[in-house]
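The structure appears below as structure tokens.
The values are calculated or read from the model by the stated rules, or taken from the named source; none is laboratory data. A quick note: this is a predicted structure, and the numbers were derived from the prediction, not measured. With ideal geometry, Cβ positions are generated from the backbone for all residues, glycine too; neighbour counts draw on all protein chains shown. Quick note on the areas: whole protein, heavy atoms, side chains included, nothing else; ligands and nucleic acids left out. Shrake-Rupley method; radii C 1.70, N 1.55, O 1.52, S 1.80 Å.
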Amino acid sequence: MSERADPRQQRELLMRLLQEKAQEPPQAAASCAQRRLWLVNRLEEPNPSYNVPFHLRLRGALDAQLLERSLGEVVRRHAVLRTTFREVDGEPVQVIAPGVTVPVAVIDLTHTAGADLRSRVALLIREESEALFDIARGPLIRAKLLRIAPQEHVLVLVMHHIVSDGWSVGVLVRELFTIYEALRAGRESPLP
């Protein structure tokens, strides 16, 4: 004859399991396109072919900390930018982190001029564009800000294609500068 567990112990066990589960980041099945990219990432040598790099020339006064805060708000708004990919039972799943910090590294090139400046900017853009992502660890977005003059910058952003595409670049840029302008004016983000 089996003994019945104490109902209080069962409740305590259930509560502990639920609390542990609640602390795990949410997971979701990968889309078909994400599954393909995940598989390619596993089968091929790591390479930057699936990086989605872009850069923007920015003129005028720029607050790098405010830009980083604005990028953080964009990342907070879009779960896909907080997503990494883990294997579960041989299949990829999206793991969505509750928060991700994306630092904006600032590189001061104001003491470089002419052809040296152009080649240095091109080299830094290429290096950032070709740096590999670890899709299991993330983050799958990164940023660098190249200060080429007191009021002239190049913002370099790179995302992995598993979380972005050409269309999403436009969305990210629009939201980034909408949020930046609001924060610069002392307002909260106007985006829901």
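See the values below:
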quantity	calculated
Some residue of the stretch 152-160 being of a type in the set (Val, Ile, Thr), touching a residue at least 24 places away in the same chain (Cβ under 8 Å) and not in a strand (DSSP E or B)	no
Which numbered condition Leu157 fails, given (1) of a type outside the set (Gly, Ala, Ser); (2) more than 13 Å from the chain's Cα centre (by Cα); (3) under 30 Å from Val40 (Cα atoms); (4) surrounded by 12 or more Cβ atoms within 10 Å (Cβ to Cβ)	(2)
Residues of the stretch 24-59 satisfying the condition of being in a strand (DSSP E or B), open to solvent by less than 90 Å² (accessible area, probe 1.4 Å) and more than 24 Å from Asp89 (Cβ to Cβ)	Asn51, Val52, Pro53, Phe54, Leu56, Leu58
Matching residues, the stretch 162-192, being open to solvent by 50 Å² or more (accessible area, probe 1.4 Å), in contact (Cβ under 8 Å) with a residue 40 or more places away in the chain and in a loop (DSSP other than H, G, I, E, B)	Asp165
Failed item in (1) under 30 Å from Ser189 (Cβ atoms); (2) open to solvent by 90 Å² or more (accessible area, probe 1.4 Å); (3) among the charged types (D, E, K, R), with Glu130 passing the rest	(1)
Qualifying residue in the stretch 109-120 (condition: among the hydroxyl-bearing types (Ser, Thr, Tyr), open to solvent by 60 Å² or more (accessible area, probe 1.4 Å) and either more than 17 Å from Arg69 (Cβ to Cβ) or part of a loop (DSSP other than H, G, I, E, B) (or both))	yes
